[in-house]
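Below you'll find the structure, written out as C-alpha cells, and then a few comments.
The values are calculated or read from the model by the stated rules, or taken from the named source; none is laboratory data. Everything numeric here is computed off the predicted structure, so don't read it as measured data. All Cβ positions, even for glycine, are placed from backbone atoms using ideal geometry, and neighbour counts span all protein chains on display. Keep in mind that these areas ignore ligands, DNA and RNA; they rest on the heavy atoms of the full protein, side chains included. Shrake-Rupley method; radii C 1.70, N 1.55, O 1.52, S 1.80 Å.
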Amino acid sequence: MGSDTLRSIILAKNPTLIFGASEFLLAFLSLGPTPTFVPLVLLLTVLRIHGLRIACRSTRILELMCSWAAVTVGASLAHYSSATNALSSSTQSFAAVAVMSAITYVLAILPFYADIRLHRRLPTFWAQVTFLPVVWATTWAIVSHISPVGRLLNWSPVSTSHPFGWLLPYTGPMGIDWAVGACAALFSEVAAAWLMGNTSNDEQPVQLFTSSTKAPQSDKRSRSLLALGTLLVALALPSLHVITPARTDTIFDTSPLGVACALPPVHNGQHPTLGDFITETKKLTSQAKVVLWPESAVVFNNQGEREVAFEELRKNIQKSVIGVAFEESVPQDPSNPGGSRMRRNGLALVHEGQKKGEEVIQYYKRNLVPFTESFSAIPSTDPPAIYDFELGPPKWATKPEWSSPPNYTRPVPITSSICLDFAFSSAFSSLSSRPALILAPARTWDSTVSLAMWEQAKSRANEIGSMVLWCDGGAMGVSGVGGGGISEIMQLGSGSWTRTISLQFPFDQRRTVYAVAGDFGVLVLLVVVMGGGSVAWHLPALSGSRSVLQAVPLLRRLFPGRRRDQENLIDAEVPGERQNLLH
C-alpha cells in the first residue's frame, strides 16, 4: 500500500514539482566541472521517465520549460565557484555559464527526443533498449567537436567516478558516454515498471517497448534488459584489476625518467620572472631529465628576445630537456609587421646541445578560452608533433648496460599540448605514432577548473596509451602525473616538484585502437552492437535464474504473468495519461 501511495504522489498528485526538484538536485550534484557517474546516470533516468510521461500530454511544453529551468539553475550553481572567478565581473561570468548550461540542456534533450520518437520503429527489443546509449554517445561526440570548450560542459563523468575507464584506449570517451546512456536506459526501464504497475493481466503497462501483451514478446524484452545489465557488469569487471605503475629500479625492460614541474614561489603577489624560472629549473635538473614550465610562464615581445632567454637557460641545465611555455607578441597581420599585435601561447623544447636559433618550437595553443583569450590571442592551426629526446643512463647504471654505442641513449618520444586543447578528444588524432610522454602546461583561475582540466588531460593520455606531465601555474592549480597506472596530484598552487616515472623499454610506438579508429570507428562498433539484437533475446531461458529474479518484487514486474490488480495511478480524465511511460 505504501508503494502505491508513493507512485500516486509521483505520477498523479505532484509530478511537476517532484520531477523538477529531482532534476535540480541531481543537476547540481552531477553537472559541475567534474561530473560524477552515479548522479549523472540518475539524472538521465529521471529525465527519460519525465520525458516519456509528458510526451503525449497537452502540457508538455510547459513541463519541458520547467525541466529546462531546473537543470539549468542546478548546473549553473554547480559551476558557481569556477564561474565567478573567470572574468572581471562575477555577474557576467555566472551569466555566461548559465547561458552555456541552458544550451547544453537543449543538446542533452535531443537524444531523449529521438529515443521517444524512433525507438519503437526498431525491429528488436535489444535495438530498442540500446538505441538511447548510441544516440547519447553520438550527440556528445558531435558536440565536443564543435563546442569552443570541447568536452568541458559535456554531460560525461570524470574517469575516477566510474569503473569503465579501462575502455578509453579502445573506445575513447564515446564508450564511456555509451555506458552512461546504457545505465540510464536500463534503470529507467526498471523504474518505469515500478511506477506504472499493472491494472490487469490483459492490460500490462509494463510492456515498455510495445503495446502487445503476448508473453513471448515480454519474455524477449526481459531477456534484452537482462543481457544489457549483464553486459554492463561484464564491462565493469576489469576495473577490479589494479594497474600498478612500472618499477623504477630496473633498466632491463623499463626506462626510469625523472620529470619535474617548475613552479617558483610567488613573492608579494608578483608573477615569477624569467630569472626565477631559470634559477628554479637549475635546481631541478639534478633529479629530472624533463622539466616543464607552466603556461605563459614568460612573455617575449619578439623572436630576438626569446632566443636570448633560451641561450641563458641552456647554461648549466646538464642533459635535461626543458619545456618552456611562453607567451609572445606577434603581428595580427603577418604581411604588416608594423601593424597591431596580438599574443599567442607556445611551448619550446630547450636543451644544452642546441645552438642559438635551434630551439624546437614544438607547439602553439590551438583552442582559446572564450572571452578571456578569444579576443586578445591568435589560435594556431598546426597539430602537435613528436620530438625524440635522447635519454641517457641513470647515475646508478653504466652506459653499456643502458644502451648500445655510439650514443648510449634511449629515445623517448615526447609531444605536447596546452591547457584547453586537452578538452578535445581529437587533440592527438594527427599523430602517426604513440608518444611516451605528453607535456601539458596550463594556467587556470580556480581549483575546480584545474581539476576538470586535469581529468581531461588524463583521459587524453589514456586514450592514446601515453602519460601526461601536467603543470598548472594557477594560484590554486593542481599539478601531477597521469596515465600508465598513475593518477597522482603532486602539488596545489606554487611549489616545484619532481617524480620518477618508468617508461616501457623498448617503447611500443604502435597507436591504440581508439587512436587509429577515432570516433567514427567507435560509432560503427556501437551501431553493430545495437544491431546484435539476436544475441540478446535468443539467449536460453535460464529458468532457474528467472525464478530468482522473479522473487525480487521490483524485477518481477519485468516478467510476464498474472498479477493482482492495482489502483489506477493516472487520472483517466487527462488526455494522454493512459499512455505507457515507455512504449
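In region 265-302, what residues are in contact (Cβ under 8 Å) with a residue 24 or more places away in the chain, more than 19 Å from Gln318 (Cβ to Cβ) and not β-branched (Val, Ile, Thr)?
Once the filter is applied, which keeps residues that are in contact (Cβ under 8 Å) with a residue 24 or more places away in the chain, more than 19 Å from Gln318 (Cβ to Cβ) and not β-branched (Val, Ile, Thr), region 265-302 yields Pro265, Pro272, Leu274, Pro294, Glu295, Ser296, Ala297, Phe300, Asn301, Asn302.
Phe164 fails exactly one of the following numbered conditions: (1) aromatic (Phe, Trp, Tyr); (2) farther than 21 Å from Ala227 by Cβ; (3) buried (at least 21 other Cβ atoms within 10 Å of the Cβ). What is the number of that condition?
Condition (2) is where Phe164 drops out.
Condition check: more than 26 Å from the chain's Cα centre (by Cα), at positive phi, exposed (fewer than 12 other Cβ atoms within 10 Å of the Cβ) and at pLDDT below 90. Does Gly339 satisfy that?
On the way: more than 26 Å from the chain's Cα centre (by Cα): yes; at positive phi: no; exposed (fewer than 12 other Cβ atoms within 10 Å of the Cβ): yes; at pLDDT below 90: yes.
No.
Among the numbered conditions (1) at pLDDT 90 or above; (2) within 30 Å of Gln92 (Cα to Cα), tell me where Leu349 comes up short.
(2)
Among the candidates Gly229, Gly181, Gly172, Gly197, single out the residue that is open to solvent by less than 50 Å² (accessible area, probe 1.4 Å), more than 24 Å from Gly51 (Cβ to Cβ) and either at pLDDT 75 or above or not hydrophobic (A, V, I, L, M, F, W, C) (or both).
Gly172
Which members of region 290-302 meet the condition of being open to solvent by 60 Å² or more (accessible area, probe 1.4 Å) and at pLDDT 90 or above?
Residue satisfying the conditions is Val299 alone.
Restricting attention to strands (runs of 3 or more DSSP E) lying wholly within region 449-505, give those where 1 or more residues are at pLDDT below 95 and over 17 Å from Ala297 (Cβ atoms).
On the way: elements: 467-472, 478-483, 486-492, 497-504.
Because the criterion is at least 1 residues that are at pLDDT below 95 and over 17 Å from Ala297 (Cβ atoms), the strands (runs of 3 or more DSSP E) in region 449-505 that meet it are 478-483, 486-492, 497-504.
Quickly run through region 81-106 and pick out the residues that are in contact with a helix residue (DSSP H, G or I) (Cβ under 7 Å, 6 or more places away or on another chain), part of a helix (DSSP H, G or I), at pLDDT below 90 and not small (Gly, Ala, Ser).
Hits for region 81-106 are Thr84, Phe94, Val97.
Just checking, which of Arg434, Arg443 is modelled with pLDDT of 95 or more and open to solvent by 20 Å² or more (accessible area, probe 1.4 Å)?
Arg434
Let me confirm something: among Ala348, Ala423, Ala436, Ala385, which residue is of a type in the set (A, V, I, L, M) and more than 28 Å from Thr248 (Cα to Cα)?
Answer to the selection: Ala423.
Condition (residue is among the basic types (Lys, Arg), under 30 Å from Pro163 (Cβ atoms) and in contact (Cβ under 8 Å) with a residue 60 or more places away in the chain) applied to region 49-61: is it met by at least one residue?
So in region 49-61, the residues among the basic types (Lys, Arg) come out as 53, 57, 60.
Checking the rest, the ones that are also under 30 Å from Pro163 (Cβ atoms) come to none.
So far as region 49-61 goes, no, none of its residues is among the basic types (Lys, Arg), under 30 Å from Pro163 (Cβ atoms) and in contact (Cβ under 8 Å) with a residue 60 or more places away in the chain.
Since Ile501 meets every condition but one in (1) β-branched (Val, Ile, Thr); (2) without any contact (Cβ under 8 Å) to a residue 40 or more places away in the chain; (3) within 19 Å of Ile414 (Cβ to Cβ), which condition does it not meet?
(2)
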